[in-house]
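What follows is a single structure, written as structure tokens, with notes after it.
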Amino acid sequence: MAQQTWFITGVNSGFGRLLSEKLLERGDRVAGTTRKLDQLDDLKAKYGEQLWLAYLDLTDTPGVRRSVNDAFAHFGRIDVVVNNAGYGLFGAAEELTDQQIRHQIETNIIGSIQVIRAALPHLRTQGGGRILQVSSTGGQVAFPNFSLYHTTKWGIEGFVEAVAQEVAPFNIEFTIVEPGATKTNFVSGLVSAPTMGIYENTPAGDVRRAVATHAFPIPGDANKVTQAMIDSVDRRPAPRRLALGSDTYTLVRAAWLERLAALDAQKDIALAADVDPLESRSF
């Protein structure tokens, strides 16, 4: 297998760390970004020039552009861009602070958008490439207490759906990765809002207690998830979505079927909203 070069955000932990370890071990090169460079000292010592690192806070748009440009300049070519960095904001919508809302959106969605925008000119120039956008089950279904996290994941999926069509003529392909609950540091990295007692006996309170008591099942295997992400790059054409985990498959399928049934039930209403057949349909 020919050596490939990857640009990965958030390489200090979770999927980003595991991806980096697997790729470096098989001989690929990794350009990684993180806010915690010291946590990569061991990999840097082991792999040397195979691993290029840069500090990056995704809320710093000029920094995003600089890191992407520097990575392409350093390695000359990057085959795969992995938009992995992000975190979860946990709390009922009314409980969240304005600052928390802004930071979640700036990190998870605007940061991801700007990484893609910064990479596109380079990928066009080199004749193509692959972009893996890490989303989650929460990019297709929603749970109480995760409203802003879902906002970012549903939003970035819509962005990718449109941009993938824009850049397809340049041989740039996208895959939206949707892992389910997986044994990573996601839960420990949740940012929470001050709780309001009024939500104690509501679905939001139920989810809060389930998270606090670790009552949620976590079927996903992080090693298998990251290996599936790596393997997806060899698939042609690129899968637009990569559902990973039994919970993702079950929950997303049920959500799609429910939406389809609701849409079909409103077919007459939808069609009745068109102009009368005898009226002009031209603009």
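The values are calculated or read from the model by the stated rules, or taken from the named source; none is laboratory data. No experiment lies behind these values; they were computed from the predicted model shown. Every residue, glycine as well, gets a Cβ built from its backbone with ideal geometry; the counts of neighbours run over all protein chains shown. Side chains included, ligands, DNA and RNA excluded: accessible areas come from the protein's heavy atoms. Shrake-Rupley method; radii C 1.70, N 1.55, O 1.52, S 1.80 Å.
Details
- Ser232 open to solvent by 70 Å² or more (accessible area, probe 1.4 Å) and over 25 Å from Gln99 (Cα atoms): no
- Annotation: of all residues in the range 194-227 being at pLDDT below 90 and closer than 30 Å to Glu25 by Cα, the one that is nearest to the chain's Cα centre (by Cα) is Gly220.
- Between Thr195, Thr248, Thr184, the distinction of being open to solvent by 60 Å² or more (accessible area, probe 1.4 Å), touching a helix residue (DSSP H, G or I) at 6+ places or on another chain (Cβ under 8 Å), in contact (Cβ under 8 Å) with a residue 24 or more places away in the chain and not charged (D, E, K, R) belongs to Thr195 only.
- Some residue of the range 233-248 being more than 20 Å from Gln140 (Cα to Cα) and touching a strand residue (DSSP E or B) at 6+ places or on another chain (Cβ under 7 Å): yes
- Any chance Val68 is at pLDDT 95 or above, open to solvent by less than 50 Å² (accessible area, probe 1.4 Å), touching a strand residue (DSSP E or B) at 6+ places or on another chain (Cβ under 8 Å) and not in a helix (DSSP H, G or I): no
- The lone criterion from (1) surrounded by 22 or more Cβ atoms within 10 Å (Cβ to Cβ); (2) in a helix (DSSP H, G or I) left unmet by Gly158 is number (1).
- Residue in the range 132-141 that is free of Cβ contacts under 8 Å to residues at least 60 places away in the same chain and either more than 16 Å from the chain's Cα centre (by Cα) or open to solvent by 50 Å² or more (accessible area, probe 1.4 Å) (or both) present: no
- Gly14 at positive phi, modelled with pLDDT of 95 or more and either in contact with a His (Cβ under 6 Å, 6 or more places away or on another chain) or not polar (S, T, N, Q) (or both): no
- Within the range 142-155, the set of residues being open to solvent by less than 40 Å² (accessible area, probe 1.4 Å) and outside any loop (DSSP other than H, G, I, E, B) comprises Leu148, Tyr149, His150, Thr152, Lys153, Gly155.
- Residue within the range 117-131 that is at pLDDT 95 or above, under 12 Å from the mean Cα position of the chain (by Cα) and not β-branched (Val, Ile, Thr) present: no
- Scanning the range 44-59 turns up no residue that is under 22 Å from Val177 (Cβ atoms) and of a type in the set (Gly, Ala, Ser).
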